[in-house]
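Structure first, then comments.
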Amino acid sequence: MTTNTPSAARQAPSAPIASADDEIAGAAAADSPAAVTTSDTRSAARSASDAVRGSAGAAAPAPLRPRRGPVALLAPIGLWYAVSYLLLAPARRFLVPPPHQVLRVAVLDWTHLQPMLQALALTAQVALSGLAIAAALGITGAVVMSRARWLERSLYPYAVILQTVPILAIVPLIGLWFGFGFTSRVVVCVLIALFPLIANTLFGLQSVDRAHHDLFTLQKASRWARLRKLELPAALPAIFTGLRTSSGLSVIGAIVGDMFFKQGAAGIGTLLDVYRSRLQSEDLFAAIILASLFGVAVFALFTLVSRLAIGSWHASGRS
């Protein structure tokens, strides 16, 4: 008993000594170059991560976009000059006169420009009248077809036939039935511009979300209220798409009508036929450019109206 007590007393302080040694070893390991390197790496990684988060929150500067308007305008003019001076001999240059000659002869000379503007005004009246009638008939017909499947199956094939029949084949019949003046020109515009309005409006009316229909059914809405408050507003993007398409077609129809129905005041199509027969190339090119600019203006007008009407809630009006 007496001999074991002092040895136990001597062995007791060994545990604190071992723990102190461990602390010294741990401190030495922490001060080693490897530990310092690891700590620096982690600190750098945290700094880089914070920098990435900060830069993600900041708005990136918008890239500079080159202006392509002048290039898009100058490229066709350069091609026009190339055709006039490089591909055509001087004796045949009247077929494609250069732009400056068209400007000098047909545009800057009021005696040549005035008849074109008067004819373009008549053609614009024909085109807009035909487009208005086609819009009324097309949208109304699409609404009627959307009321019942059997109505769509009965009426839609006639709209397709109206679109596929060549308009030049029935121009003589239109002249016999409606005369050879203003009315026949409007009829041609209506026939050409009608189908896109029917097809797009019908597509828009039939594309309304089923959940919205279910909501109106729960509210016991009438068919008129469903059409006025749900289907027509939802179909507006498709309707304006049909109007933009038909606006260009109505201009084409007005020019075609001018060429075939020449009674009364002359339209731009009538002048195109006259300039062609007289080989007045400068006037012919100027009239073609004026008619094209009018078509672009009508298209841009309906694009603007579409953005004002549906631009706040539909993506097609914000593009």
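The values are calculated or read from the model by the stated rules, or taken from the named source; none is laboratory data. Nothing here was measured: the structure is a model prediction, and the numbers come from that model. Cβ coordinates were reconstructed from backbone atoms using ideal geometry, including for glycine residues, and neighbour counts include every protein chain displayed. Protein only, heavy atoms only, side chains kept; ligands, DNA and RNA dropped before computing areas. Shrake-Rupley method; radii C 1.70, N 1.55, O 1.52, S 1.80 Å.
The table below gives the values:
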read-out: LEU293 vs. criteria open to solvent by 40 Å² or more (accessible area, probe 1.4 Å), of a type outside the set (Ser, Thr, Tyr) and part of a helix (DSSP H, G or I); value: yes
read-out: Checking ILE192 against (1) free of Cβ contacts under 8 Å to residues at least 60 places away in the same chain; (2) part of a helix (DSSP H, G or I), the condition it does not meet; value: (1)
read-out: In the stretch 113-158, the residues that are farther than 30 Å from ALA286 by Cβ, small (Gly, Ala, Ser) and surrounded by fewer than 20 Cβ atoms within 10 Å (Cβ to Cβ); value: ALA136, ALA148, SER154
read-out: Any pair with Cβ under 7 angstrom, 6 or more apart, that starts in the stretch 257-275 at a residue that is touching a residue at least 60 places away in the same chain (Cβ under 8 Å) and under 15 Å from LEU290 (Cβ atoms) and ends at one that is among the basic types (Lys, Arg) and part of a loop (DSSP other than H, G, I, E, B); value: THR270/LYS262
read-out: ALA169 vs. criteria out of contact with any strand residue (DSSP E or B) (no Cβ under 8 Å at 6 or more places or on another chain), over 23 Å from ALA135 (Cα atoms) and outside any helix (DSSP H, G or I); value: no
read-out: Unmet criterion (only one of (1) in contact (Cβ under 8 Å) with a residue 60 or more places away in the chain; (2) more than 28 Å from ILE192 (Cβ to Cβ)) for LYS220; value: (1)
read-out: Residues that are in a helix (DSSP H, G or I) and loosely packed, with under 10 Cβ neighbours inside 10 Å, drawn from the stretch 215-230; value: LEU218, TRP224
read-out: Hits in the stretch 296-308 (condition: of a type in the set (Gly, Ala, Ser) and buried (at least 16 other Cβ atoms within 10 Å of the Cβ)); value: SER306
read-out: Yes/no for ALA286 being assigned to a helix (DSSP H, G or I) and without any contact (Cβ under 8 Å) to a residue 40 or more places away in the chain; value: no
